[in-house]
Structures are given as C-alpha cells and as structure tokens.
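This report refers to the structure that appears directly beneath it.
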Amino acid sequence: MRNRRRLVVIGAVAAGTSAAAKAKRTNPDLEVVLLERDAHISYGACGLPYFIAGLIPSAQALTARSPEEFRQQGIEVRTQHEALGIEAANHRLYVADLRSGEEYTLPYDDLVIATGAVSSVPPVPGVDLPGVFTLRTLADGLGLDAALRDRPPKNVVIVGSGYIGLEMAEAFRARDLAVTIVEMAPQLMVNLDKDMSDLVLAEVQRQGVQVLLNDGLVRCEGLDRVEKVITQHSVVPADLVLLAIGVRPNTRLGEQAGLRLGAGKAIAVDEHMRTSIEGIYAAGDCTETMHQVTGEKTYIPLGTTANKQGRVAGANIAGMECTFEGVVGTAVAKVFGLEVARTGLTEKEATAKNLAGSATTIQAMDRARYYPGGTPLNVKLVVDSASRRLLGAQLIGPQGAAKRVDVLAAALYAGMSAHDLTRLDYSYAPPYAPVWDATLVAASVASRSC
Ligand SMILES: Cc1cc2nc3c(=O)[nH]c(=O)nc-3n(C[C@H](O)[C@H](O)[C@H](O)COP(=O)(O)OP(=O)(O)OC[C@H]3O[C@@H](n4cnc5c(N)ncnc54)[C@H](O)[C@@H]3O)c2cc1C
C-alpha cells in the first residue's frame, strides 16, 4: 500500500523533465518517477548540430541536469527503462528494464506521457544501410560524430531542407565535407514563403552546398554501406547520408491506451495538458497545441513549447491551476551567415486557411546607415486585408532577425494590427537600429495609415 501520491513521467528530455521537476518543486510530498528508455536524459537536442560542427567540444555540455541532480531533488530517475504499455483502467504501467531484461508493473496516480517525436524515414530501399543516419537524440548525435571521426566521409547527402537539414549542412561544411541537399519541394524550408526562402537558397549555395530542388530520394545504394544516392533526377555519390525529412509524434503508448489523437495525429490535449483519459497528461513533441492566430489545433514540435507544456502539466498535477494557451508559430534558425526567423502565418499558410492576407516585403538596414557593420534585413509581414491585423512575419538577414521576431510574436499574441505596431516605442541608438526600425517600416507600409 502506497502512502504517497505517485506521478510517473514517461520520457526524460524536455517536456518530461520539466513536468517532473515542476511537480516535485510544487508539491514535495509527491513521489515522482521518471522513466527514460535511453541512457541520456535532460539534454538540449537543439545543440546537436553545433556539437557535430565542433563548436561545442563535448556532448556533455548539452546536458542540463544529470540523473544525480534529479535524485537530489527527490525525483527517482530510471534510465534504460522503457514503458511498454499503459493499463489506464487500473492506473498502471508495464515497464521493461532494458539492462536486465526484467519486466515489471508500475502503478501510478498521475501519468505524464512525454515520449516526444521520432524521425520520419522515407519508405525507400537502402535507408537501413550503414552510413545512413537520422538525428533526433543525443545517442544519434554521438553515433554520427563517431562515424565522422572513425570513417571520415567525403560526400554527404542530406535529404530534406527543414531547419535541422540546413543546420546540419552548415555543420558538415564546417568539417570541410562536400554537401548535397536533396529536397522534393521547389524551395528550401517549406515553412517559409518562396520569395523569402530564395534568400536562404542563395546563401546555402554561396557556402558551396549543392542543392537539388524538385527532386525526391528514390533509394540509397551500396555494397556493405552507403555509396550513392539515387534521386528522381540524379545519382549523387554519398558515403554518409542524413535523413532530415521531419518528425512524427511518438504516440504508440497513448494510442494503445485509447487516447484520442488530434492535429498531426499527435495526442489531443486541453490547455491543462490533460488527455482524453482522466489522470493521464501529455506534453511536448507527442502532443498537439493550439495555434493562437488561426484558433485551430496544430502540430508544431519545438523544444521551447515542450518545456512550457511539461511545466504546465507538472504544475497541474501538483495542485496548481495552470494553462498553456498555445503558440503563434515562432521559430528561428541560423543558416550559415543568415538568421532565418518566422512567426504567425506565412502568406502561403494564410491563403491555405482562406484568410485574406496581404503581404508587404521590405529591406532596410539593421542599424543606422552611417554606423559601421550594418547589414540588410528583409522583413515580410502578412496582414489581414480588411482589418490589417498582423497574421505573420518572416525576417531574414545576417543579424537582427532572430530577436526582432520576438517583438512580432508578442504583437501576434496581443492581436495587434500593423497600425498598432507602428505605435510601439522601440529603443533606438545607431549601433543597434536605425531611427525607423525595419519592422516598423514594414508595419507602416502594411498599415496603409500614417
Ligand atoms: C538537431 C535538432 C535541433 C533542434 N533545434 C531546435 C531549436 O533550435 N529550437 C527548438 O525549439 N527546438 C529544436 N529542436 C526540437 C527539440 O529538440 C524538441 O522539440 C524537444 O526535444 C522535444 O522534447 P520532448 O521532451 O517533447 O521529446 P523528445 O526530446 O523526443 O524526448 C522524448 C523522450 O521520450 C523517450 N521515450 C519515448 N518512448 C518511451 C517509452 N516508451 N519509455 C521510456 N521512454 C520513452 C525517448 O527516448 C526520448 O528520450 C531540435 C531537435 C533536433 C533533433
């Protein structure tokens, strides 16, 4: 007979560790058990491209907190323990200790599913050959780094040009490797509008990366390891292939337990991070989230969201009343010499949602023209044609895009119009911005008012 309420959390990277830590801090009487099937916990997968590039000397630096630190907080961490199934009616889990092979049942009062996402792998021949990689976990990153050192490749092919594919293109170029990107779409980064993505294409090509657009992977070939990639239109030599075509939510456990799925076939949750079964919460890349601009559920798996959702789940389980209202679709990536940022909807997305969006694109310097070191910043705003309410923004430039996008994300959260934006009291000094900041210039044009 247990005398303490037990919270079990499945998955211990961003959402799971946030949920466990917040629950325990809020209610120290809770018994908290954190299960993770991998050997590593609580790390920033977002740093993996910089580790591969050699910018961060050790993968250990990516770890936020060790199992020992969690244990000191009173949280029991069981690494290499995999949850095999959930018996929701009886509030218990089936778990395997992957080291000993032993299986056991683990009763819970509250459960958080934070099983994240898994890399999508195209269903084509040869993707299981040695030398073909995906990058999702710290173990993936260590495996890739070991392969790069033990068997240095010459030609790398990256399939997919989302932010991970492009960050990795930069990482491989930093190691002096020949890099080809194979992308099925007619543009890089499909979550940007084509006109903005062309700026990214120019930069990637300038850095010596070969880009094959409108070209899909047909198969990987090689005798005992990958030697070449066959695409719809080309044959590309490859002694290392990275598949970076996106992720899908890891919902196997939740589905088996009978949880309702929602947007992107991720676990459906409410703003308290409760699932469709009482006592079971879910957070992070395995869940859907609310898009505050469209008012619809969406699937945008990002680390920043995972941490917040986990924290909300943990707080509620510990007795607080906490909500996660959703996202506005903000993301940023460093692509070689460019900061590439977006928030809200692109013009393409607004059109797909039948929102009458009109777009304004401008280029302005990121600091006073006479001040040394200024660079051009490209800003595209999408506003509702009638109300001029801001629907989205894309910012690209060598500097200043990444943090300026946060102002626009705040404007979206507040439901501001382009006219409202022009009224904001921005800071100004020549080394940091022109008198008229690029985002204010764009807002002024988009607002069609004085
Ligand atoms: C290379 C790369 C770069 C990224 N860059 C950024 C960025 O710049 N900005 C950003 O916001 N996001 C970024 N992300 C995304 C971010 O890392 C993820 O959104 C975040 O890790 C999600 O956290 P999570 O806890 O929901 O899931 P995950 O990190 O996927 O963790 C889930 C954990 O659950 C474990 N698990 C699954 N099933 C079981 C089971 N049955 N039993 C026990 N354990 C289980 C898994 O082993 C895994 O460790 C990046 C990701 C990658 C791979």
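Within region 80-110, being among the acidic types (D, E) and within 13 Å of the ligand (Cβ to nearest atom) holds for E82, D97, E103. Is it the case, given these coordinates, that K154 is surrounded by fewer than 20 Cβ atoms within 10 Å (Cβ to Cβ) and either in contact with a Gly (Cβ under 7 Å, 6 or more places away or on another chain) or within 26 Å of L377 (Cα to Cα) (or both)? It is false that K154 is surrounded by fewer than 20 Cβ atoms within 10 Å (Cβ to Cβ) and either in contact with a Gly (Cβ under 7 Å, 6 or more places away or on another chain) or within 26 Å of L377 (Cα to Cα) (or both).
Please determine whether any residue of region 3-16 is within 30 Å of T323 (Cβ to Cβ), more than 11 Å from the ligand (Cβ to nearest atom) and either without any contact (Cβ under 8 Å) to a residue 40 or more places away in the chain or buried (at least 18 other Cβ atoms within 10 Å of the Cβ) (or both). Yes: one or more hits. Taken over region 88-110, the criterion of being out of contact with any helix residue (DSSP H, G or I) (no Cβ under 8 Å at 6 or more places or on another chain) and more than 15 Å from V33 (Cα to Cα) is satisfied by A89, N90, L98, R99, S100, G101, E102, E103. Quick check on my filter: what residues within region 120-167 are of a type in the set (F, W, Y) and in a strand (DSSP E or B)? Scanning region 120-167 gives a single hit, F133. Among the residues of this structure, A402 does not count as one that is crowded, with 24+ Cβ neighbours inside 10 Å, touching a residue at least 40 places away in the same chain (Cβ under 8 Å) and within 20 Å of the chain's Cα centre (by Cα).
Is it the case that A96 is in contact (Cβ under 8 Å) with a residue 12 or more places away in the chain, under 30 Å from L243 (Cβ atoms), over 21 Å from the mean Cα position of the chain (by Cα) and in a strand (DSSP E or B)? It is true that A96 is in contact (Cβ under 8 Å) with a residue 12 or more places away in the chain, under 30 Å from L243 (Cβ atoms), over 21 Å from the mean Cα position of the chain (by Cα) and in a strand (DSSP E or B). Each residue in region 132-157 was checked for being within 12 Å of the ligand (Cβ to nearest atom) and more than 24 Å from H40 (Cα to Cα), and 0 pass.
Of the residues A268, A263, A313, A318, which is within 13 Å of the ligand (Cβ to nearest atom) and among the aliphatic types (A, V, I, L, M)?
Being within 13 Å of the ligand (Cβ to nearest atom) and among the aliphatic types (A, V, I, L, M) holds for just one of A268, A263, A313, A318, which is A313.
Restricting the search to region 111-131, which residues are within 21 Å of P249 (Cβ to Cβ) and either in contact with a helix residue (DSSP H, G or I) (Cβ under 9 Å, 6 or more places away or on another chain) or within 16 Å of the ligand (Cβ to nearest atom) (or both)?
Passing the criteria: L111, V112, I113, A114, T115, G116, A117, V118, S119, S120, V121.
How about region 56-102: which of its residues are hydrophobic (A, V, I, L, M, F, W, C), over 25 Å from L253 (Cβ atoms) and surrounded by fewer than 17 Cβ atoms within 10 Å (Cβ to Cβ)? Result: I56, A61.
Among the residues that make up region 184-192, is at least one of them at negative phi and over 21 Å from the mean Cα position of the chain (by Cα)? Explain how you work it out, then say what you get.
Our first condition is that a residue be at negative phi; within region 184-192, this holds for 184-188, 190-192.
Those left that are additionally over 21 Å from the mean Cα position of the chain (by Cα): 186.
So far as region 184-192 goes, yes, one or more of its residues are at negative phi and over 21 Å from the mean Cα position of the chain (by Cα).
Checked against (1) surrounded by 17 or more Cβ atoms within 10 Å (Cβ to Cβ); (2) within 30 Å of V335 (Cα to Cα), C46 passes all but condition (1).
Within region 271-300, count every residue that is among the charged types (D, E, K, R) and either touching an Asp or Glu at 6+ places or on another chain (Cβ under 7 Å) or within 16 Å of the ligand (Cβ to nearest atom) (or both). Lay out the reasoning, then the answer.
Of the residues in region 271-300, the ones among the charged types (D, E, K, R) are 271, 274, 278, 285, 288, 296-297.
Right, trim to either touching an Asp or Glu at 6+ places or on another chain (Cβ under 7 Å) or within 16 Å of the ligand (Cβ to nearest atom) (or both) and you get 271, 285, 288, 297.
Summing the residues that are among the charged types (D, E, K, R) and either touching an Asp or Glu at 6+ places or on another chain (Cβ under 7 Å) or within 16 Å of the ligand (Cβ to nearest atom) (or both) in region 271-300 gives 4.
D215 - would you say it is among the charged types (D, E, K, R), outside any strand (DSSP E or B) and more than 17 Å from the chain's Cα centre (by Cα)? So D215 passes the test. Which one is nearest to G319 (Cα to Cα) among residues in region 103-128 that are among the charged types (D, E, K, R) and surrounded by fewer than 16 Cβ atoms within 10 Å (Cβ to Cβ)? Out of the qualifying residues, it is D109. Reported count of residues in region 365-399, each being under 15 Å from E347 (Cβ atoms) and free of Cβ contacts under 8 Å to residues at least 60 places away in the same chain, is 7. Restricting region 255-276 to residues that are under 20 Å from L35 (Cα atoms) and under 21 Å from the mean Cα position of the chain (by Cα), the residue that is surrounded by the fewest Cβ atoms within 10 Å (Cβ to Cβ) is I267. Within region 278-296, the set of residues being assigned to a loop (DSSP other than H, G, I, E, B) and either on the phi > 0 side of the Ramachandran plot or hydrophobic (A, V, I, L, M, F, W, C) (or both) comprises G279, A283, G284, C286, V293, G295. All conditions in (1) surrounded by fewer than 20 Cβ atoms within 10 Å (Cβ to Cβ); (2) touching a residue at least 12 places away in the same chain (Cβ under 8 Å); (3) of a type outside the set (F, W, Y) hold for A202, with the sole exception of (2). The set of residues in region 279-307 that are closer than 18 Å to V13 by Cα, more than 11 Å from the chain's Cα centre (by Cα) and surrounded by fewer than 22 Cβ atoms within 10 Å (Cβ to Cβ) contains only N307. On inspection, A171 passes the criterion of being buried (at least 21 other Cβ atoms within 10 Å of the Cβ), within 16 Å of the ligand (Cβ to nearest atom) and on the phi < 0 side of the Ramachandran plot.
Checking each residue in region 40-51 for being more than 9 Å from the ligand (Cβ to nearest atom) and assigned to a helix (DSSP H, G or I) picks out Y50, F51.
Any read-out appearing in this document is the output of simple, stated calculations on the displayed coordinates, not a laboratory observation. Keep in mind that this is a model prediction, so the values were computed, not measured. Every residue, glycine as well, gets a Cβ built from its backbone with ideal geometry; the counts of neighbours run over all protein chains shown.
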